[in-house]
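Beneath this line is the structure, given in structure tokens, with notes to follow.
The values are calculated or read from the model by the stated rules, or taken from the named source; none is laboratory data. Here the structure is a predicted model, which means the values were calculated and not measured. Here the Cβ is made from the backbone with ideal geometry for all residues, glycine too, and neighbour counts use every protein chain on show. Keep in mind that these areas ignore ligands, DNA and RNA; they rest on the heavy atoms of the full protein, side chains included. Shrake-Rupley method; radii C 1.70, N 1.55, O 1.52, S 1.80 Å.
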Amino acid sequence: MIPFRLRGLDHVVLRVADLERSIRFYCDVLGCTLEKTQERLGLTHLRAGDTLIDLVTLDGEIGRAGGAGPGKEGRNVDHFALRIAPFDAAAVVSHLRAHGVEPGEVVSRFGAEGDGPSIYITDPDGNGVELKGPSAT
């Protein structure tokens, strides 16, 4: 028997080539807020609802330990999904394009709440980000 219960995603850590560019993307485009910075470690914590997205600079203490930076041949993650609500597809697509982000197709995909609308985008370092709407049921 497992002595604990999973409650959800606490945080995702991404190694980034350009910290300021990534902060602009996650804050200005996706609505995160700056939570805390640990400069000695090269670590910036961004609030994403109940979750954190941590950005690690490649030249910081943590980033140097991770080897080569993200790129087409060495991505850090396939993608992670952020729950969003409401999911007005036209408004989301318009917002993304206004910030120079080209969204993928809006389709129904399975997630933690069941099947619902989602859009894939790519962050400035090539990491996949899924914007996941509420379950359609």
What order do you get for 34-47, 51-64 when each peptide is scored by the mean count of other beta carbon atoms within 10 Å, highest first? 51-64, 34-47
Please report, to two decimal places, log10 I(q)/I(0) for the chain at q = 0.10 Å⁻¹ as given by the Debye formula with identical point scatterers on the Cα atoms and no solvent. -0.36
Rounded to whole Å, give me the distance from the Cα center of segment 89-137 to that of segment 24-53. 19 Å
Antiparallel %, DSSP beta bridges [both residues in the chain], to 5: 65 percent
Taking amide H positions as placed in the peptide plane 1.01 Å from N, state which residues far from LEU52 in sequence (5 or more) or on other chains have amide H under 5 Å from it. HIS11, VAL12
Using only Cα atoms, find the angle between the long axis of helix 89-98 and the longest principal axis of the chain, and express it within 0 to 90 degrees, rounded to the nearest 10. 30 degrees
Taking only protein heavy atoms and a 1.4 Å probe, what accessible area per residue, in Å², does segment 42-137 have with all protein chains in place? 54 Å²
Starting from the Cα gyration tensor of segment 81-124, take the square roots of the eigenvalues, sort them a ≥ b ≥ c, and report rounded, prolate or oblate (rounded when a/c is under 1.5, otherwise prolate if a/b is larger than b/c, else oblate). prolate
Between ARG109 and CYS27, the FRET efficiency computed from the C-beta separation at R0 = 22 Å comes out, to the nearest 0.05, as 0.30
Please check which bits of segment 104-125 a label hung off THR51 would reach, taking the label as a point 7 Å along Cα-to-C-beta and the cut-off as backbone N under 18 Å. 104, 107-125
